[in-house]
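Asks: First the structure, which I've put down as structure tokens, then a few questions once you've had a look.
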Amino acid sequence: MPMKFNASLLLTLSLVALSSACENAPETERISRPFAYEGYSEAVFDNVERSSTYVTMSDGARIAAEVYLPTGFSGDGAEPRKFPTISVLTPYMRLRVNTETGEIIPRQSSRPDETVENFTSHGYAFVVADTRNYGASEGSALGFGWRYQKDAGELIDWIAEQPWSDQNVGMVGGSHPGWTQIAAASNKPAALKA
């Protein structure tokens with residue numbers, strides 16, 4: 001019996017100490033509402049690496065994509081080498097060019113808080129791809145047709161196969177990019193989580 005009492009006493013004292021420590025810890029305000037999401041994680045990357053690539057679809061058409069990877073880790077512990085990924089598949093061009101300066105400007109999502117920097121600073125890779133027959137992508141298909149559905153699923157599968165991917169992919173965007181989220185989900189790719 002004394003052993004049970006000591007274990008119970010130790011457990012009780014540990015819970016009291018933990019409860020006291022939690023009460024004294026500074027609380028970060030968490031905000032989650034449309035167009036505002038703060039206080040859930042810290043920005044631990046301070047730079048981003050961009051690369052352009054083509055993703056070959058099963059029919060041979062090449063889809064143009066921009067890949068943004070977090071760099072400049074400033075968090076605790078070892079720097080992650082694999083990242084969850086946020087993806088956008090869009091006919092609205094993955095890049096645009098400032099005609100006055102020639103500067104290449106990355107496509108952002110349709111929401112102001114869905115920027116490349118916001119996602120990469122919190123440890124997400126970000127992939128923006130032109131749908132087939134738009135931007136620098138090849139191929140042709142009727143809009144909102146079966147081929148777009150197949151492309152969306154194949155893009156998710158490609159992301160999951162990359163050495164920097166932790167095989168967890170989410171998608172963002174409204175309007176046509178919102179429709180491509182439904183198209184991707186219809187293929188049930190294992191890596192698509194949200």
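The values are calculated or read from the model by the stated rules, or taken from the named source; none is laboratory data. A quick note: this is a predicted structure, and the numbers were derived from the prediction, not measured. Virtual Cβ from ideal backbone geometry, glycine too; neighbours counted across all protein chains shown. For the accessible areas, the whole protein counts, side chains as well, though only heavy atoms, and no ligand, DNA or RNA atoms are used. Shrake-Rupley method; radii C 1.70, N 1.55, O 1.52, S 1.80 Å.
Asks: What are the pairs, 6+ residues apart or on separate chains, where a residue within the range 140-152 that is under 18 Å from residue 178 (Cβ atoms) has its Cβ under 6 Å from a residue that is among the hydroxyl-bearing types (Ser, Thr, Tyr) and surrounded by fewer than 19 Cβ atoms within 10 Å (Cβ to Cβ)?
Replies: 149/186
Asks: In the range 66-98, how many are among the aliphatic types (A, V, I, L, M) and over 19 Å from the mean Cα position of the chain (by Cα)?
Replies: Residues of the range 66-98 among the aliphatic types (A, V, I, L, M): 67, 69, 78, 86, 88-89, 93, 95, 97.
In the following step, the residues that additionally are over 19 Å from the mean Cα position of the chain (by Cα) were identified as 78, 97.
Residues in the range 66-98 being among the aliphatic types (A, V, I, L, M) and over 19 Å from the mean Cα position of the chain (by Cα): 2 in total.
Asks: Oh, and also: Within the range 177-189, restricting attention to residues that are buried (at least 19 other Cβ atoms within 10 Å of the Cβ) and not hydrophobic (A, V, I, L, M, F, W, C), which residue is farthest from residue 93 (Cα to Cα)?
Replies: It comes out as 189.
Asks: Residues that are open to solvent by 10 Å² or more (accessible area, probe 1.4 Å) and within 27 Å of residue 36 (Cα to Cα): does the range 136-147 have at least one?
Replies: No.
Asks: While we're here: Scan the range 158-171 and tell me whether some residue there is over 30 Å from residue 74 (Cα atoms) and either surrounded by 20 or more Cβ atoms within 10 Å (Cβ to Cβ) or touching a residue at least 24 places away in the same chain (Cβ under 8 Å) (or both).
Replies: No, every residue in the range 158-171 fails to be over 30 Å from residue 74 (Cα atoms) and either surrounded by 20 or more Cβ atoms within 10 Å (Cβ to Cβ) or touching a residue at least 24 places away in the same chain (Cβ under 8 Å) (or both).
Asks: For residues that are in a loop (DSSP other than H, G, I, E, B) and either surrounded by fewer than 13 Cβ atoms within 10 Å (Cβ to Cβ) or hydroxyl-bearing (Ser, Thr, Tyr) (or both), tally how many sit in the range 43-58.
Replies: Of the residues in the range 43-58, 1 are in a loop (DSSP other than H, G, I, E, B) and either surrounded by fewer than 13 Cβ atoms within 10 Å (Cβ to Cβ) or hydroxyl-bearing (Ser, Thr, Tyr) (or both).
Asks: Mind telling me which of the residues 124, 92 ends up being at pLDDT 80 or above, closer than 25 Å to residue 61 by Cβ and open to solvent by 40 Å² or more (accessible area, probe 1.4 Å)? Explain how you work it out, then say what you get.
Replies: Working: 124 fails: closer than 25 Å to residue 61 by Cβ.
None of the others qualify; the one that does is 92.
Asks: Something else: Please verify whether the range 66-77 includes one or more residues that are out of contact with any strand residue (DSSP E or B) (no Cβ under 9 Å at 6 or more places or on another chain), exposed (fewer than 11 other Cβ atoms within 10 Å of the Cβ) and farther than 15 Å from residue 164 by Cα.
Replies: Yes: the range 66-77 contains one or more residues that are out of contact with any strand residue (DSSP E or B) (no Cβ under 9 Å at 6 or more places or on another chain), exposed (fewer than 11 other Cβ atoms within 10 Å of the Cβ) and farther than 15 Å from residue 164 by Cα.
Asks: Continuing with this model, one more query. Six or more apart or on different chains, Cβ atoms under 7 Å: show the pairs whose first residue is in the range 82-103 and within 15 Å of residue 160 (Cα to Cα) and whose second is outside any strand (DSSP E or B) and at pLDDT below 80.
Replies: Between residues of the range 82-103 that are within 15 Å of residue 160 (Cα to Cα) and residues that are outside any strand (DSSP E or B) and at pLDDT below 80, the close pairs are 88/109.
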